[in-house]
Structures are given as C-alpha cells and as structure tokens.
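S.K.: Supplied in structure tokens, the structure appears directly below.
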Amino acid sequence: MHLPSPDHAVVAFEGIDALTFLQSQLTNDVAAMAIGGWQWQGYCSAKGRLQATFALARTGEAAFVAVVHQSVAAALVKRLTMFRLRAKLTIELSAKLTPTFHLAQPESAVAPLATLNLGQGRWVTIAPSDAVTAAVAKTDAADASAASFMQHWNLLGVEAMQPEITSATAEMFVPQMIHWDHVSPGGGVSFSKGCYPGQEIVARAHYRGAVKRHLEIQLLPASRSLSNGTEIELADGRAAEICNVANGGGEVAKALVVVAPPSPAA
C-alpha cells in the first residue's frame, strides 16, 4: 500500500554551499551523509527548541531533499532563507517533487530520487510529481482512503517512537525531550559536529543531564479531545503534553507524550 502524503511537502536544497550551509543549521551531521543516504534532522530556535523535524536525503554532491510536515514547511523555508546570506544555494518548497509513503517495500513503478527505509514497515520515496500522479492514476481503489492510510501510518510512527514536530508543537521541546537524539534509525542529533542554532543549549542539556522531561508511549481514551500540543493529565497524575497522537480506529488512541517529572511531595 502506498500514498502520496497529503500532509507533507518536499523542501529542496541545491548549490555548491548546500552541504556547509545545512551543516551549520541542522542538528545532525550532514557532512557524514553519503550520496544516496538519509538522516533524521531537526531545526532549532536560538533557545534550542525544535521548530521542525524531518528526514533529509542527499541526492547529489550538492543536492539534498527533505520531507517536512506541511504545517511547518513554509516557515522552515522562510527561516533558513533568512540565514542564507551569501551562501550559494537555493532553498525552495518543490512543487516538482512528491513524497510517497509506503506500508510495504516500494516497487519500481516510479524511479525515485530517494528511498528512505524508516523501519517499522514504513518507507518514503521522493519522486517527480508528474510521474507520481501518473502512477497513482493506474492504481486500484485499495489505496483510495487517504485518511485511513495516514491513520495507520501515524500509528506505526507512534509505536516506533518516531516523533514529528508540527505547527502545534513548534518550539515546545528541546530535542532530548522527544528523544530526538535517540530516534531510530541513527538518531537525529550529533554532539560532535559543531555549531548550529540552539546547539549550546542542546549540548549543555546533554552533558549536564539537565532535561527532566521525557518521551513515552501512552494509551489514551479515544473519546477524549486529543491533538498535538494538548496538555493532559495521565492516569497516574503526571502532567504531559502530546507530541503526536494516532487512533487505530478503536476506543483507545496511542500517543507520544512528553512527561514532566512528578511534583515534589508537599
């Protein structure tokens, strides 16, 4: 099963300074990425709070593409463009490329620019939009229910503890609060690559163990009003904030929640 994601966009970076620019802006070690490889990445504010998380693939010596949630994609492009200054690269939301999500190993109907194996039975391909549109037109109705597909996709992401920052949670969490430094596969933060926005705060939290909030999977009643960014109280009384939530269609939803430490006893 596969579906061009209705919730995501492709941001393309190209130019002789693309690698050095991205290395100076993102949380992971872009310079360590081989052509054809990919990494989880984050983009932080100066205070070390994540404004976006995404998968970044290297498609050429000086070319990269990112699969970014639609709700933060335009803001990410605007922010990065502000800091481009004299760096020689283009940064753009690409209407020419489409991310397709797969719940089985991708077939070769469309030659992708990049293929990303996220694990947990999830793959992403990035391919020319016209080719994706033509391929989708030839598929049967099995892939027609976008809402059902995305619901299952998001549920697998929660179970894999692969959080995603959306506009509802932008600037709420430092990377360690959502275990972005340990996200599988490969982690999304390098502590040896050098500076990027918010790096000093992220590194200090890492080396001093200053982050007390952490990520958990929680089962929540589907009848509750649940959405990303919502503050909730868990059954054991702890306060938490929802990073991502997915309903498998039953009475219980699964959520990635950032849990605060228990309040000290009076």
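S.K.: In segment 203-258, how many residues are touching a helix residue (DSSP H, G or I) at 6+ places or on another chain (Cβ under 6 Å) and not in a strand (DSSP E or B)?
M.R.: 4
S.K.: Also, I was wondering about something else. I want to confirm something. Restricting to segment 13-38 and keeping residues that are open to solvent by 20 Å² or more (accessible area, probe 1.4 Å) and assigned to a strand (DSSP E or B), which single residue is nearest to residue 191 (Cα to Cα)?
M.R.: Residue satisfying both the conditions and the ranking: 38.
S.K.: Continuing with this model, one more query. State all residues of segment 140-196 that are of a type in the set (D, E, K, R) and on the phi > 0 side of the Ramachandran plot; if no residue qualifies, say none.
M.R.: Within segment 140-196, 171 is the sole residue that qualifies.
S.K.: Moving on. Can you tell me which residue among 68, 110, 77 is aliphatic (A, V, I, L, M) and more than 23 Å from residue 46 (Cα to Cα)?
M.R.: Values: 68 fails: more than 23 Å from residue 46 (Cα to Cα); 77 fails: more than 23 Å from residue 46 (Cα to Cα).
The unique qualifying residue is 110.
S.K.: Could you say which residue among 107, 61, 92 is modelled with pLDDT of 95 or more, open to solvent by 70 Å² or more (accessible area, probe 1.4 Å) and over 21 Å from the mean Cα position of the chain (by Cα)?
M.R.: 61
S.K.: Restricting attention to segment 1-57, and to residues there that are touching a Phe, Trp or Tyr at 6+ places or on another chain (Cβ under 7 Å) and among the hydroxyl-bearing types (Ser, Thr, Tyr), which single residue is farthest from residue 147 (Cα to Cα)?
M.R.: 24
S.K.: Which of the residues belonging to segment 144-156 are open to solvent by 20 Å² or more (accessible area, probe 1.4 Å) and under 20 Å from residue 66 (Cα atoms)? Show your work before the answer.
M.R.: Taking segment 144-156 as the starting set, the residues that turn out to be open to solvent by 20 Å² or more (accessible area, probe 1.4 Å) are 144-148, 151-152, 154-156.
Correct list: 154 only.
S.K.: In this structure, is residue 81 polar (S, T, N, Q), surrounded by fewer than 22 Cβ atoms within 10 Å (Cβ to Cβ) and over 19 Å from the mean Cα position of the chain (by Cα)?
M.R.: yes
S.K.: Something else: Name the one entry in 215, 226, 220 that is closer than 30 Å to residue 21 by Cβ, in contact with a Leu (Cβ under 9 Å, 6 or more places away or on another chain) and among the aliphatic types (A, V, I, L, M). Walk me through how you get there before you give the answer.
M.R.: Values: 226 fails: closer than 30 Å to residue 21 by Cβ; 220 fails: closer than 30 Å to residue 21 by Cβ.
Answer to the selection: 215.
S.K.: Then there is this: Of all residues in segment 47-62, which are part of a loop (DSSP other than H, G, I, E, B) and more than 21 Å from residue 258 (Cβ to Cβ)?
M.R.: First, the residues of segment 47-62 that are part of a loop (DSSP other than H, G, I, E, B): 47-49, 61-62.
Matches in segment 47-62: 61, 62.
Yes/no matrix, rows are residues, columns are (1) modelled with pLDDT of 85 or more; (2) in contact with a Pro (Cβ under 6 Å, 6 or more places away or on another chain); (3) more than 18 Å from residue 104 (Cα to Cα); (4) open to solvent by less than 10 Å² (accessible area, probe 1.4 Å):
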{"position": "125", "(1), (2), (3), (4)": "yes, yes, no, no"}
{"position": "128", "(1), (2), (3), (4)": "yes, no, yes, no"}
{"position": "131", "(1), (2), (3), (4)": "yes, no, yes, no"}
{"position": "134", "(1), (2), (3), (4)": "no, no, yes, no"}
{"position": "137", "(1), (2), (3), (4)": "no, no, yes, no"}
{"position": "158", "(1), (2), (3), (4)": "yes, no, no, yes"}
{"position": "163", "(1), (2), (3), (4)": "yes, no, yes, yes"}
{"position": "168", "(1), (2), (3), (4)": "yes, no, yes, no"}
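S.K.: Related question: Report, by residue number, each residue of segment 182-226 that is surrounded by fewer than 14 Cβ atoms within 10 Å (Cβ to Cβ) and among the β-branched types (Val, Ile, Thr).
M.R.: 217 - this is the single residue of segment 182-226 that is surrounded by fewer than 14 Cβ atoms within 10 Å (Cβ to Cβ) and among the β-branched types (Val, Ile, Thr).
S.K.: Next question. Check residue 70 against each of (1) open to solvent by 60 Å² or more (accessible area, probe 1.4 Å); (2) within 30 Å of residue 147 (Cα to Cα); (3) over 15 Å from the mean Cα position of the chain (by Cα) and name the one condition it does not meet.
M.R.: Exception for residue 70: condition (3).
S.K.: What are the residue pairs meeting all of these: first residue in segment 20-43, first residue charged (D, E, K, R), second residue not in a helix (DSSP H, G or I), Cβ atoms under 8 Å, and 6 or more apart or on different chains?
M.R.: 29/39; 29/190; 29/192; 29/193
S.K.: While we're looking at this one, here's another question. Check segment 80-91 and report whether any residue there is more than 19 Å from residue 166 (Cα to Cα) and part of a strand (DSSP E or B).
M.R.: Taking every residue of segment 80-91 in turn, at least one turns out to be more than 19 Å from residue 166 (Cα to Cα) and part of a strand (DSSP E or B).
S.K.: Determine whether residue 179 is closer than 19 Å to residue 44 by Cα, open to solvent by 50 Å² or more (accessible area, probe 1.4 Å) and out of contact with any Pro (no Cβ under 6 Å at 6 or more places or on another chain).
M.R.: yes
S.K.: Okay, moving on. Which pairs have Cβ atoms under 7 Å, sit 6 or more apart or on different chains, and link a residue in segment 219-235 that is more than 14 Å from residue 248 (Cα to Cα) to one that is in a loop (DSSP other than H, G, I, E, B)?
M.R.: Matching pairs, first to second residue: 227/168; 228/166; 228/168; 228/169; 229/168; 229/169; 229/172.
The values are calculated or read from the model by the stated rules, or taken from the named source; none is laboratory data. Predicted model only: the values in this text are computed from it and were never measured. A quick note on method: Cβ atoms are made from the backbone with ideal geometry, for glycine too, and the neighbour counts reach across all protein chains shown. Note: accessible area is taken over every heavy atom of the protein model, side chains too, but ligands, DNA and RNA are not part of it. Shrake-Rupley method; radii C 1.70, N 1.55, O 1.52, S 1.80 Å.
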